[in-house]
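Below: the structure, in structure tokens.
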């Protein structure tokens, strides 16, 4: 695995490896998940990472390197075409569409080390700083004007931000980078790194209660959530699922070595549950 550049933010060192994004068909057959027909959608030397689907499932937003800088790309699944959405002096990471709007949010790291969360237009180069007081690394929208985020610091904190009131609230500490909504529950799932093995926890914003769903796969902190509430996580070349209803532990559903792929990290599942995009090491 090639390491091609390093970012220093706060007290955390981010080594950015050469990675690629593969889009698979994602099917459920006889209560089992099946992946098939991989397509390399990044096809780009260097860092390609942090994918997310748009709400209509037609595009995938992700971070990609060009000219030694990381910008945001929109990939059109139907046409197999890419469009660059940002071009600033800094680098952009972790893009998420904001609701069903024509805007998205992303982390921007400027050359002077200034790192904040910004709002961007899908169709212009306009941008606006969203949370002025927090050095956010990863985030998730939980309402029209509300988000939760992984905030850099010592320790790393899990915070809730209300953009209308400008108030931020610490929910937990020492979390991982993956944060996802659970369907039909109002709960949010995230990785807790307070102890080993790491755990997948849930938080209820109404009462602040935190519960453990399961232990993470050893050394893995990236996961996705299906529409039925199952967790999908990778380790090495293997892909696993966890059904919180059956509580049978992590079950292997695929081995990407069959496609010559390894080093699974981030994952994203389409809204219709028919596609999954997986980040792997560059060959």
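Annotations for the structure displayed:
- Where residue 67 falls short, out of the listed (1) at pLDDT 95 or above; (2) more than 27 Å from residue 257 (Cα to Cα): (1)
- Note on region 114-126: among residues that are part of a strand (DSSP E or B) and free of Cβ contacts under 8 Å to residues at least 40 places away in the same chain, the one that is surrounded by the fewest Cβ atoms within 10 Å (Cβ to Cβ) is 121.
- Within region 171-209, tally of residues that are assigned to a strand (DSSP E or B) and closer than 26 Å to residue 270 by Cα: 17
- Just one residue in the set 77, 60 is more than 17 Å from the chain's Cα centre (by Cα) and within 25 Å of residue 260 (Cα to Cα); that residue is 77.
- Taking the conditions (1) over 17 Å from the mean Cα position of the chain (by Cα); (2) within 23 Å of residue 22 (Cα to Cα); (3) assigned to a strand (DSSP E or B) in turn, residue 261 satisfies each one other than (3).
- The requirement of being in a strand (DSSP E or B) and closer than 23 Å to residue 266 by Cα is not satisfied by residue 100.
- Residues of region 53-73 that are buried (at least 17 other Cβ atoms within 10 Å of the Cβ) and within 25 Å of residue 27 (Cβ to Cβ): 53, 54, 59, 60, 61, 62.
- Exactly one residue among 232, 179, 191 is touching a residue at least 60 places away in the same chain (Cβ under 8 Å), within 28 Å of residue 35 (Cβ to Cβ) and crowded, with 16+ Cβ neighbours inside 10 Å, and that residue is 232.
- Lone qualifier among 165, 212 - being part of a loop (DSSP other than H, G, I, E, B), surrounded by fewer than 16 Cβ atoms within 10 Å (Cβ to Cβ) and at pLDDT 95 or above: 165
- Test: residue in region 84-97 that is outside any loop (DSSP other than H, G, I, E, B), over 26 Å from residue 176 (Cβ atoms) and at pLDDT 95 or above: yes
- Condition met for residue 138 (within 25 Å of residue 231 (Cβ to Cβ) and either at pLDDT 95 or above or outside any loop (DSSP other than H, G, I, E, B) (or both)): yes
- Single residue of 72, 107, 35 found to be within 18 Å of residue 271 (Cα to Cα) and modelled with pLDDT of 95 or more: 35
The values are calculated or read from the model by the stated rules, or taken from the named source; none is laboratory data. For clarity, every value in this text was computed on a predicted model and none was experimentally measured. Note: ideal-geometry Cβ built from the backbone for every residue, glycine included; neighbour counts use all protein chains shown.
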